[in-house]
Structure formats: C-alpha cells, structure tokens
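A short write-up of the structure that comes next.
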C-alpha cells in the first residue's frame, strides 16, 4: 500500500513539474537539441554532478527528463545536479535551421549525421561531456553519468566502448548506466546462443567489433576492449523485460538471447568469462518491464543514480 501511495504521489508531482524549454547546443556549424535543468555556460559552483539521459526509439526526451528530475527532487539534489535529456532527431521531425538529424539506427550507433556527414552522434556527446567537464564553469563537478534506456541504452553501451572522453578529462569521474537495451556490441566473436550459418555478418558493428564506423575506427579493437572493461559500467535490467516479440530479431541480435533480460544477463556472463578483471556490474530491477519510468524511479534505479 505504501509503495502504491508513493507512486501516486510521485505521478501527481511530476505532472506539475515545469518542463524547461528545449535548449540548443551549437557545434561545428550545426545545432543539437536537449532539455537541461541548468545553463551549460554560466558558472555554477553548486553543481556537483551531471546526469545525461538518452531517450529510446520514440525519442521522447521530455518524459525522460521528467523521470530524472522527479528523482533529483525526491533525493533533494536538484540544485547540485545538472540534468540533461538529449534529443536525437530524424529528418522528418520539426527542425531548426542546421539542426543535426540522424537515421533511426545511426544516432544510437555513433554514425554520421544525415544533415552533416562530418559530425557523428558520438562526437556530439563528446562535446557535451567536454562542456560539463570544464572546471571554469563547473568548479565543483565531481561525477558525470551517462545513462539511456532501450535504444538509449544501446547508445550508452556503444558510446562507453568507443569514447576517449575519460582519457581527455582524467580528473573527472565518468560512469555509464545501460538500461534495458535491445542488443549489445560484443567484444569478441563468441555468442551465448548459436549463430545461423547464413548470418555471416553477425560480428559486424553495431553487434560486434568488425567493420567499425568512422568514430570507433579511430582506435584499434584491442584498445577499444581495454578501455571499455576498465570503465565504470552498470547494466540495469528489468526483471519483467521478457517480451520476446518487441525486440530486435535481426540475425546478429538473435544469438545474444531471447529477451532483453536474457541478453543483459548473457552479456554480463560473457564478460565474466572472457574478461574476469572487468569493472562492470549488473542490477536486476524486480517486477519492472520495459519502461524507463519504472527503471529510473525504482528503488534500485534511483539509488544508483542519486545515492553516493
């Protein structure tokens, strides 16, 4: 009964949260959209942490923002936490002049923008994280968290493999929370389930580390693997995310498992077997299915985000 009452109060409170106007980031002669709780350019000594959340395939950045904002308020950390909800757009969306747009799969894989082939979705994320790491603007910033759910979880996991942001900003604590992705980029050619003989491209990117795109191709595969296994990565998986007919069924995805729950568990088990010195962890959220609200506002999800 107490849990139900809390959920009802939380739902009521989030319905009256004032969603900030969408903000726009200038980069490389283009524009990128996001919702943000604080300015990225005005000096702010109160901000100690930033949380960037990435939407799923519906690209409903506003609702993702509200989920994280609700938990920041619950934990009394709104003033010290900068919340950003990125908004990756398609060419069919309502756009500003020179706004970056991506394909359905391109934005979550770090592919170049449709509107500007010299800029990738991961490069934009690098720029955003670089701004947050600027001690002249955020002198008290201690930790930056990137998290995403579903398709956003795919972006988060692949970006955590690909980026060099932590090496360029060694004083900052970066972490990655990967929530309920439909597939993973595997670090080796092994898979937990049999691969169809006709699926000859199962280990190509975005499912494996062969035939990488331009962004990932900046580093060798061994370096990508070494960087990834030493990063702070948590896989946040819903116990009830077990519906098999709404998940990626392309032949490279099928050998990863039958459901998102199974795919998350399989990926972690394979890491344990092949890279036993990795620094990753997995958390299963009881009774939650494929819902970003349920994942981030659960006791496990919200404590992971906001408790030190």
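Which of the residues that make up the stretch 175-229 are in contact with a helix residue (DSSP H, G or I) (Cβ under 7 Å, 6 or more places away or on another chain) and on the phi > 0 side of the Ramachandran plot?
Answer for the stretch 175-229, where residues must be in contact with a helix residue (DSSP H, G or I) (Cβ under 7 Å, 6 or more places away or on another chain) and on the phi > 0 side of the Ramachandran plot: just 180.
Can you work out which of the residues in the stretch 163-196 that are within 15 Å of the chain's Cα centre (by Cα) and not in a loop (DSSP other than H, G, I, E, B) is farthest from residue 53 (Cα to Cα)?
Residue satisfying both the conditions and the ranking: 165.
Since residue 124 meets every condition but one in (1) farther than 28 Å from residue 251 by Cα; (2) assigned to a helix (DSSP H, G or I); (3) in contact with a helix residue (DSSP H, G or I) (Cβ under 8 Å, 6 or more places away or on another chain), which condition does it not meet?
(3)
Quick one: in the stretch 37-62, of everything that is in contact with a helix residue (DSSP H, G or I) (Cβ under 6 Å, 6 or more places away or on another chain) and part of a loop (DSSP other than H, G, I, E, B), which residue is farthest from residue 90 (Cα to Cα)?
Residue satisfying both the conditions and the ranking: 40.
Being surrounded by 17 or more Cβ atoms within 10 Å (Cβ to Cβ) and closer than 13 Å to residue 192 by Cβ narrows it down to one residue among 274, 262; which is it?
Every option except 262 fails the conditions.
For the condition in contact with a strand residue (DSSP E or B) (Cβ under 8 Å, 6 or more places away or on another chain) and assigned to a loop (DSSP other than H, G, I, E, B), what is the one hit in 118, 67, 135?
118
Out of the residues in the stretch 138-150 meeting the condition of being in a loop (DSSP other than H, G, I, E, B) and crowded, with 22+ Cβ neighbours inside 10 Å, tell me which one is farthest from the chain's Cα centre (by Cα).
Among those that are in a loop (DSSP other than H, G, I, E, B) and crowded, with 22+ Cβ neighbours inside 10 Å, it is 138.
Checking residue 210 against (1) in contact with a strand residue (DSSP E or B) (Cβ under 7 Å, 6 or more places away or on another chain); (2) surrounded by 13 or more Cβ atoms within 10 Å (Cβ to Cβ), only one condition comes out false. Which one?
Residue 210 satisfies every listed condition except (2).
Which pairs have Cβ atoms under 6 Å, sit 6 or more apart or on different chains, and link a residue in the stretch 257-272 that is in contact (Cβ under 8 Å) with a residue 24 or more places away in the chain and at positive phi to one that is buried (at least 18 other Cβ atoms within 10 Å of the Cβ) and assigned to a helix (DSSP H, G or I)?
If the second residue must be buried (at least 18 other Cβ atoms within 10 Å of the Cβ) and assigned to a helix (DSSP H, G or I), the pairs left are 257/263; 257/266.
So which of 19, 82, 4 ends up being outside any loop (DSSP other than H, G, I, E, B) and at pLDDT below 95?
After ruling out the rest, the residue left standing is 4.
Report whether or not residue 62 is in contact (Cβ under 8 Å) with a residue 24 or more places away in the chain, within 21 Å of the chain's Cα centre (by Cα) and more than 26 Å from residue 305 (Cβ to Cβ).
no
Answer yes if at least one residue in the stretch 230-243 is on the phi > 0 side of the Ramachandran plot and either outside any strand (DSSP E or B) or free of Cβ contacts under 8 Å to residues at least 40 places away in the same chain (or both), and no otherwise.
no
In this structure, is residue 25 closer than 23 Å to residue 135 by Cβ, touching a residue at least 24 places away in the same chain (Cβ under 8 Å), surrounded by 15 or more Cβ atoms within 10 Å (Cβ to Cβ) and touching a strand residue (DSSP E or B) at 6+ places or on another chain (Cβ under 6 Å)?
yes
Looking only at the stretch 70-105, how many residues end up being surrounded by 15 or more Cβ atoms within 10 Å (Cβ to Cβ) and either in contact with a strand residue (DSSP E or B) (Cβ under 7 Å, 6 or more places away or on another chain) or free of Cβ contacts under 8 Å to residues at least 12 places away in the same chain (or both)?
The total comes to 13.
Could we say that residue 251 is over 27 Å from residue 291 (Cα atoms), out of contact with any strand residue (DSSP E or B) (no Cβ under 8 Å at 6 or more places or on another chain) and outside any helix (DSSP H, G or I) here?
In short, no.
Restricted to the stretch 254-275, and to residues that are part of a loop (DSSP other than H, G, I, E, B) and under 25 Å from residue 231 (Cβ atoms), which residue is farthest from the chain's Cα centre (by Cα)?
Only one residue tops the list, namely 275.
The values are calculated or read from the model by the stated rules, or taken from the named source; none is laboratory data. What you see is a predicted model; the values in this text were computed from it and never measured. As a convention, Cβ positions derive from the backbone with ideal geometry for all residues, glycine included, and neighbour counts pool all protein chains shown.
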